[in-house]
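Comments concern the structure below.
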Amino acid sequence: MVLTELELLHFRNLVAQELKFPPEGAAIVGDNAQGKTNLLEAVYYLETFRSFRGAADQELATFSKPVFRVEARMVGGRARSVAAAFDNANRRKKVTVDGTEAAPLSSALGNLAAVVFSPADVELIGGGPARRRRFMDVVLSLNAAGYVTALQRYRKALSQRNAALKRGSSRAQVAAWDQSLCESGALVTAARRGWAVSSRDGFGDYYGIVSGGGKARLEYRSRLADRCEGDAGDLEAGLRALLEDAWPQDERLRTTSVGPHRDELLISVDDGTGEVSARSYGSGGQRRSAALALRLVEAATIRRARAVEPLLLLDDAFAELDDHRSAQIMGLIASESTGQVIVTAPKRSDIDAFRGRLPEWNIRGGRVEA
Ligand code: ATP
Ligand code: MG
C-alpha cells in the first residue's frame, strides 16, 4: 500500500495542508510537541477511524475548531481514497471510501493497511490481559473476514446476559442470550486461536532478532480453546458446556465468568534460566523487544491476510534503544518490508539507518516541510 497524498483540516495542532508522499515514504524530524505523533495519528485514523493513542474523537479537532477532516489517497490497495470527518457538535462521524459514504463504518476498516510502532507499545506487554485482547481484536477486525461482526455480536450478547444476571433474572431469562453468545464466541475464539498459531513462529523469530538472540513465546490462553480442539461448531458446543458448569458461580457473582472476554495472549520470555511471563517479570528491554515483535507480527498478518505490503508508521519507535539495537531493527524492517515507511524522530541521529533511503522532512508548529 502506498499513501500518495494526505489532506489535513483542523486535526490537532496540524495546519491545514496537503502532503504528497513518495512511494518509499519519509523521515520526519521535529522537536518535541511539533506534531509528529499527531501526523501519524491522522494517517492511522483513516485505517481504524479512532485515535491510536486512545483519544476521544472530540479531542482531535484543533482547539476552538468544531470539526476536523482527513483524507488519504493511495495506490496498490482496494480503495483509492478514504476520508473521515468528525463534527464535535453532533458527534457525527462521516467516512467515505472512493467518495461513497461507508455504512456500516466497519466496512471501511483497513484501507491503508497501516501499522503503527510507538514507544507506548510497551503497554501491550506490561498492561493487563484486556490490553492484549484489544490488540488481537484490532488485528483480527482488520484482517479476518467476519471478525468484527462476530465480536460485536458477542459483546452485545455478553452485556445483555450480564445485565440479566445483575438483575437476578431466572436461569431461563439469562440463558436466552446463550445461543448468540455461543455462536459468536466460537467464531471469535476460532479466529484468535488460528491467528496465534500462525503467528507463533514469526513472533519468536522477530523477538530473537530484535533482542539480539533472546527467546520469547506467544501463546493464546483460552479455557474454551484449551478444552476444544475442533472447529467453530465444536467450540460453540464447548462454550455452552462451560456456561453450564459455570452457572452456580455466574449466578452468585452476577456476571459471566467464562468466554473469550476472559482470554489472555500470554507473552513469555526466556533468559536461559527458565520461561517467565514478560508482563510480570520481563525487564524494560525485554518488554520493548516483545512489543516490537508483536507489531512486526501485525505487519506480517497484513501481508498474509490482505496480500498487500503494509504501510509502516514508526513514531519515535527506537527512542529508548541503543544505536546498535536500533540499527539492527531498522535492518530487519528494511529486509522484511518493501513497502512505504513513515518514520518520525526528534533528532536526525535517531533515524540514521534511514538516511539515503528516505527523504528527510521537517515538522514545526504543525507544519510539515518537505
Ligand atoms: P514528542 O516528540 O514530544 O512526542 P510530537 O511532535 O510527537 O512530540 P505531538 O504529540 O504530535 O508532538 O503534538 C503535541 C502538540 O499538539 C502539543 O503541543 C499539543 O498541545 C498539541 N495538540 C494536541 N491536541 C491538540 C488539539 N486538539 N488542538 C490543537 N493542538 C493540539
Ligand atoms: Mg510524539
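Annotations for the structure displayed:
- Where Pro346 falls short, out of the listed (1) in contact (Cβ under 8 Å) with a residue 12 or more places away in the chain; (2) open to solvent by 50 Å² or more (accessible area, probe 1.4 Å); (3) more than 19 Å from the chain's Cα centre (by Cα): (2)
- Taken together, the residues in region 1-54 that are touching a helix residue (DSSP H, G or I) at 6+ places or on another chain (Cβ under 8 Å) and free of Cβ contacts under 8 Å to residues at least 40 places away in the same chain amount to 2.
- Any strands (runs of 3 or more DSSP E) falling wholly within region 192-283 and containing at least 1 residues that are touching a residue at least 24 places away in the same chain (Cβ under 8 Å) and open to solvent by 80 Å² or more (accessible area, probe 1.4 Å): 215-221, 275-277
- Region 41-65 - residue that is part of a helix (DSSP H, G or I) and near ligand 1 (Cβ under 8 Å from one of its atoms) and, of those, surrounded by the fewest Cβ atoms within 10 Å (Cβ to Cβ): Glu59
- Residue in region 227-237 that is out of contact with any His (no Cβ under 9 Å at 6 or more places or on another chain) and under 24 Å from Ser106 (Cα atoms) present: yes
- Among (1) open to solvent by less than 10 Å² (accessible area, probe 1.4 Å); (2) part of a helix (DSSP H, G or I); (3) out of contact with any helix residue (DSSP H, G or I) (no Cβ under 6 Å at 6 or more places or on another chain); (4) aliphatic (A, V, I, L, M) - the single one Leu314 does not satisfy: (2)
- Gly76, sole failed condition from (1) modelled with pLDDT of 95 or more; (2) out of contact with any Leu (no Cβ under 8 Å at 6 or more places or on another chain): (1)
The values are calculated or read from the model by the stated rules, or taken from the named source; none is laboratory data. This is a predicted model, so every value here is computed, not measured. Cβ: placed from backbone, ideal geometry, glycine included. Neighbour counts: every protein chain shown. The accessibility values were calculated without ligands, DNA or RNA, using every heavy atom of the protein model including side chains. Shrake-Rupley method; radii C 1.70, N 1.55, O 1.52, S 1.80 Å.
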